[in-house]
Every structure is written in structure tokens, then in C-alpha cells.
């Protein structure tokens, strides 16, 4: 198949010479073996060139087999790499199981989200990739390699957040837990001073907590609290909380927009897959008129970093749609932005004006540099490749792992070469 393809937001047009949609793993193996350069596509929710392969081949995972295998004894589920979280989650719930965490959108693919350390929220919740206990991938010679946490140990921790550079992932095995229900509450107008005084208390109040702000005043516009019904914890919902007020109806993260596409709030209990994301599965995101950036930094720096951003809100707010603040637990995955650090994630959904956004990102990244901020691999950032490389202590090991699996660089692209190898 030939033709021009864009990412979900439409800000990236892929420059690959050919786009393929193999219907079987065997077809994929033959394609990879004869290709000089190939990258895999998931649901195209990345906002940068991480998935592109100019002049080479792009492989969509959408038509690969999506069979799902549950292993109750090992508490794992194995799925096709192109399966979307929302589809998997509904099936898992019907079988009595759950994933420990979900992103804000249930429409993203399992392989793509894990390869970029996409994360969800919660002080005790690792990113989505931390649930991965096994990978099946097609390597440069077209052969299938199976890696597992149990068998491959530390090298497996290097492979999970693989940035698409080890091979084309075809199947993923994930840890599962017994299914659970969640209640979701929204509070409005949390004073900035109360956030500074009680940051840890707020972010630890429930299983998952997200803060939304437009950076247009001394307040947090909304606090989304997702509480497990079976593990409610010490926090109790009330009409007022730290001078914030309980929302009188369901809310959208963007003030003024209809909440019809958002997951149910007002404390109405529902299954984990229909509360942990912010948006419902049956809401199909349009080609988004937005750009996204995100920086993850050690949680011990959270208040200092937020104060620094508050100092430039007059240049952030005019270009912004909404900003989200959430937390992610530490992990041992080499290329994860939360490697061995509990982190706070500072997310920005921007207006679709790249020249203006680029100028603001330069300011934000300078402000966040003292706080060891790592950019999300799948979102927009402008920091230099040398600085990116300095943020990952296991990068030399990761480069050796890539060379072992892909000695000719078949799965590398300009994004990987510049940011990981310092090459153009």
C-alpha cells in the first residue's frame, strides 16, 4: 500500500515510502526480512516523529490477529500488540480481571503505549509498561523472539520500553488483577496555596488523582479523584475539600465543554475500565485540533517545578487548552521516565499552533531543567538530543541491547539516531 498518512492530531505526515497492513505474523516476518528500514505503527497517537521511517516501510498492527489468552494461574493475559486498551479492558472485566492502570484515553494500543512508557495516574501505580511480563517480536532477520520478565531479567527491563527500536512487537503478555469498581469525584477551584501546603495529601487521597488547570490564575480548576470501592482509604468525599467545592454535575476537563464523552462522576460506582480513563471508550476521538507535551520529573521536585511554571503562566495560558498534573510510581524499566523515581507528570494540551507552542516549550524546558524533567517519548519537546541522553543512566546498556537485536539498524530512524545515539 502506498499513500500519505498522518498521525491522529494531523501534525505529522509520515514520510515512509510504503505503508503495510499485514494480516498475519507470517506476512509480517517476510516483510521485515526483506525491508531495509521499517517501523511499526499503533494507533498513531504520538505527536512527534518517533514512529516514522522516511523512505522505508511502516507496518500497521491493526490487522494482525487480536486473539486474547487468559492464564488465571499466572494471572496474565496475552494479546495481539495492536489491541486497544478499551477493547481488552471490557473483555478482561467480563472474565473477572482488570489491569492495574489505564491512560486517560482507552483508544490507544497496548504495544504503542508500553513502548513509549505511557502511564495513567496514581502514586502507587506504575505506568502501563510495568504490567508487561512478556513480549513476542519479529526481529531484523524476520525471526520471532520471545522475551519474558522471568527468563530475561534485567535485559527484559531494557526491552519493554523499547521505543520501537528492537523489532516489531506482535504479542504482549500483561499482569492482571481481580476486577474492581471505582467511584469518581470532581472538585473545583482548589486554591494554589492549599495545593502547595497539601500536595502529597491531595495526590495520595485515592487510587488515582488528576489536577487540571489552565494556568490562568492562582487555583487548580478541577481535581479528579478516582477511588476504589473495595479500597477506599482514609479520604472521604465531602461538599468541600481543602477549600475546593464538589462539582454539582459531571465535568469535562476543559471548562465549558459538555461532559457527555467523559467517564461518569458524582461518586457513581462503575467498573475500573469505565472510570480510570477520563474519556469513554464509545467516544471516538476526532482528528484532534491539539498538540501535546508532557514532562515527568521526580516527585520531590513537584512544588518547586509548579512554582516555576506558575511564574510564566502569562505566556503559557494563551497557547494552552488545558494542563494536567498527575503522579506515576517508580519502576525498573531502563528507558522509562519514571525509572527508579516516583514522578509527577506535567501534561500540556496545546492549541494547534506549532510555532507558538515551540517558543513556549523552550521556556518551559529551561525552567524545568534543574528538576531533571524527562519528556514523554511520544509527545512534543524541543530539548537537544544531548540533554535527552543525559537523563537516562541506562542508555549505554539500551544502546548495546539495540545493537544485539538489530545490528544493522533496520528499526532505527532519525528520532532514535539523534536522541539515543547522537547521530544524524
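Read-outs throughout are calculated quantities, based only on the coordinates presented, and are distinct from any laboratory measurement. For clarity, every value in this text was computed on a predicted model and none was experimentally measured. For neighbour counting, all protein chains shown are included, and Cβ atoms are generated from backbone atoms with ideal geometry for every residue, glycine included.
Just rank 224, 215, 91, fewest to most, by other beta-carbon atoms within 10 angstrom.
Working: 224 25, 215 19, 91 16.
In increasing order of surrounding Cβ atoms, one gets 91, 215, 224.
If one computes the Cα centroid of the range 34-91 and of the range 101-116, what distance in Å separates the two points? Value for the Cα centre distance between the two parts: 10 Å.
Computed over the range 1-62, the alpha-carbon pair-distance distribution with 10 angstrom bins reads 24, 57, 18, 1, each value a whole percent. Entry note, the chain: the mean residue ellipticity at 222 nm calculated from DSSP H runs of n ≥ 4, each adding -39500 (n - 2.57), is -6500 deg cm²/dmol after division by the residues and rounding to the nearest 500. For the chain, the longest principal axis of the alpha carbon atoms and the long axis of helix 192-203 meet at an angle near 60°. Taking the empirical scaling 2.2 N^0.38 Å for compact globular proteins as reference, the chain has a Cα radius of gyration ratio of 0.95. Working from label points 7 Å from Cα in the Cα-to-Cβ sense, the residue 154 to residue 358 distance is 4.1 nm.
Specify whether the C-alpha gyration tensor of the range 134-184 places it in the rounded, prolate or oblate class, a ≥ b ≥ c being the square roots of the eigenvalues: rounded for a/c under 1.5, otherwise prolate if a/b is larger than b/c and oblate if not. It comes out prolate by the Cα gyration axes. If you take the Cα centroid of the range 381-399 and the Cα centroid of the range 402-424, the two points sit 13 Å apart.
Helix 25-34 and the longest principal axis of the C-alpha atoms of the chain enclose an angle of approximately 70°. The alpha carbon centroids of the range 248-285 and the range 154-206 are separated by 18 Å. In degrees from 0 to 90, rounded to the nearest 10, what is the angle of the helix 149-160 Cα long axis to the longest principal axis of the chain? Once rounded, the angle reads 80 degrees.
Tell me, what is the percent relative contact order of the chain, built from C-alpha pairs under 8 Å that lie six or more residues apart?
Across the chain, relative contact order equals 18 percent.
Taking a temperature of 25 °C and a viscosity of 0.890 mPa s, what whole-number D in µm²/s does Stokes-Einstein yield for the range 68-178 with Rh from Kirkwood over alpha carbon pairs? Answer, rounded: 175 µm²/s.
Neighbour counting of Cβ atoms within 10 Å sorts the residues 327, 173, 139, fewest neighbours leading, into 139, 173, 327.
Extending 7 Å from the Cα toward the beta-carbon at both residue 145 and residue 283 defines two label points whose distance is 4.0 nm. When each of 36, 181 is scored by the number of other beta-carbon atoms lying within 10 Å, the sequence from fewest to most is 36, 181. Looking at the range 205-265, the pairs of alpha carbons with a distance over 17 Å make up 45% of the total.
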